[in-house]
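The values are calculated or read from the model by the stated rules, or taken from the named source; none is laboratory data. The structure presented is a predicted model; accordingly, all values stated were derived computationally and were not measured. Every residue, glycine as well, gets a Cβ built from its backbone with ideal geometry; the counts of neighbours run over all protein chains shown. For the accessible areas, the whole protein counts, side chains as well, though only heavy atoms, and no ligand, DNA or RNA atoms are used. Shrake-Rupley method; radii C 1.70, N 1.55, O 1.52, S 1.80 Å.
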Amino acid sequence: MSAKAETLKRPGLGRPLIIVGSVLVVVVCLFPFWWMALSSVKTLRELYTIPPIWWPEAPTWDNYRKVLFESNIPRYFLNSLVISIGATALALVLAVFASYGFARFNFRGKPLLQSFVLVGQLLPTAAIIVPLFITLRVLGLVNTYWGLILVYMIITLPLSVWMLTSYFKAIPVELEEAAIIDGASRLGCLLRITLPLSLPGIVSVLVYAFVTTWNEFIFALCFATDSSVKTLPIGLAEFSTEFNTDWGAVMAASVVMTLPIALLFLSMQRLFIGGLTAGATKG
């Protein structure tokens, strides 16, 4: 047996190093969430103690009581839920049809239109706040659910179109051609063949759009000044005043805000990662 073959058979440090590295990455990524959850059950004295207390001496639920029963966080949670679901659904429907057109049809100006879609994603937030506000004011949509839904759809649609276009291109066109020969329409091919095969890509777009709209702050701050339509990120900011910040309530509200995102990702983790991988490696 050659020396090279013996070297390959000999156990090395590669696997242990990968395991240790993975554990370190997980710890670094999860530490902020663990510290947030821990801080949400600390008293005010423990929060300001230096050096920090790694485990509360007497865990308290007062911060959660204050957030859930003495603030507008439940109302803001409902607002965020309605707006995020509405914007995600609208962006997903439009992205499906736009992406299918880009992936399956050749027409004049197609590369230019695709470039415009990407430019829409690259525009800085500060450059579009004023035009959007003027548009919403003219339409009477300031301080309304529909106003924020349309704005959030605008900011998530470009990348959603690019992600789904890449995924649709990975699906063999021969499947649709066979269905068309059997009498299926283009819409039937999309609904019965392309969409079921594109489920991981659709889930990736869904998770991306929902997380983006759920965490968005700037547009909500500018277009939702009434408490009836304010979202959770604005609610978190209300615990900070000019002279003081209630960090216990902030951490408790942050835990409440994080739970839907964590549940969404955990329930769709396999499809989400599969969709991102397929969209990145096929085309």
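Residues in region 140-168 that are touching an Asp or Glu at 6+ places or on another chain (Cβ under 7 Å) and open to solvent by 40 Å² or more (accessible area, probe 1.4 Å): Asn143 only. Within region 243-258, the set of residues being among the β-branched types (Val, Ile, Thr), without any contact (Cβ under 8 Å) to a residue 40 or more places away in the chain and farther than 15 Å from Phe69 by Cα comprises just one member, Thr245. The sole residue among Thr165, Thr156, Thr135 that is modelled with pLDDT of 90 or more and either within 22 Å of the chain's Cα centre (by Cα) or not in a helix (DSSP H, G or I) (or both) is Thr156. Just so you know, in region 34-62 the residues that are aliphatic (A, V, I, L, M) and in a helix (DSSP H, G or I) include one that is most open to solvent (accessible area, probe 1.4 Å), and it is Leu44. Of the numbered criteria (1) in contact with a Ser or Thr (Cβ under 7 Å, 6 or more places away or on another chain); (2) under 30 Å from Ser254 (Cβ atoms); (3) surrounded by 17 or more Cβ atoms within 10 Å (Cβ to Cβ), the one Ile171 fails is (2). If I filter region 188-201 for residues that are basic (Lys, Arg), in contact (Cβ under 8 Å) with a residue 40 or more places away in the chain and out of contact with any strand residue (DSSP E or B) (no Cβ under 6 Å at 6 or more places or on another chain), do I get at least one hit? Looking for residues that are basic (Lys, Arg), in contact (Cβ under 8 Å) with a residue 40 or more places away in the chain and out of contact with any strand residue (DSSP E or B) (no Cβ under 6 Å at 6 or more places or on another chain), one finds none in region 188-201, hence no.
Looking at region 178-216 only, could you name the residues that are open to solvent by 10 Å² or more (accessible area, probe 1.4 Å) and touching an Asp or Glu at 6+ places or on another chain (Cβ under 7 Å)? Hit for region 178-216 is Ile193, nothing else. Residue count for region 111-128, restricted to those that are surrounded by 10 or more Cβ atoms within 10 Å (Cβ to Cβ) and over 24 Å from the mean Cα position of the chain (by Cα): 1. Just wondering, is there one or more residues in region 217-227 that are closer than 18 Å to Ser166 by Cα and open to solvent by less than 10 Å² (accessible area, probe 1.4 Å)? No, there is no match, as no residue in region 217-227 is closer than 18 Å to Ser166 by Cα and open to solvent by less than 10 Å² (accessible area, probe 1.4 Å). Applying a threshold of 8 Å to beta carbon distances and a minimum spacing of six or more residues, or different chains, the list of pairs starting in region 203-223 at a residue that is under 15 Å from Ile128 (Cβ atoms) and modelled with pLDDT of 90 or more and ending at one that is basic (Lys, Arg) and not in a helix (DSSP H, G or I) reads Ala220/Lys230. Among all residues of region 256-267, there is none that is more than 18 Å from the chain's Cα centre (by Cα), modelled with pLDDT of 85 or more and either assigned to a loop (DSSP other than H, G, I, E, B) or more than 30 Å from Arg137 (Cα to Cα) (or both).
Can you tell me which of Arg65, Arg108, Arg137 is open to solvent by 70 Å² or more (accessible area, probe 1.4 Å) and closer than 22 Å to Pro260 by Cβ? Don't jump to the end; show me each part of the working.
Working: Arg108 fails: closer than 22 Å to Pro260 by Cβ; Arg137 fails: closer than 22 Å to Pro260 by Cβ.
Going through Arg65, Arg108, Arg137 in turn, the sole match is Arg65.
Taking the criterion of being within 27 Å of Trp247 (Cβ to Cβ), outside any loop (DSSP other than H, G, I, E, B) and open to solvent by 50 Å² or more (accessible area, probe 1.4 Å), the residues of region 68-105 that qualify are Leu68, Phe69, Pro74, Arg75, Phe77, Leu78, Leu81.
Leu30 fulfils the conditions (1) at pLDDT below 85; (2) under 27 Å from Thr213 (Cβ atoms); (3) open to solvent by less than 90 Å² (accessible area, probe 1.4 Å) except for a single criterion, (3).
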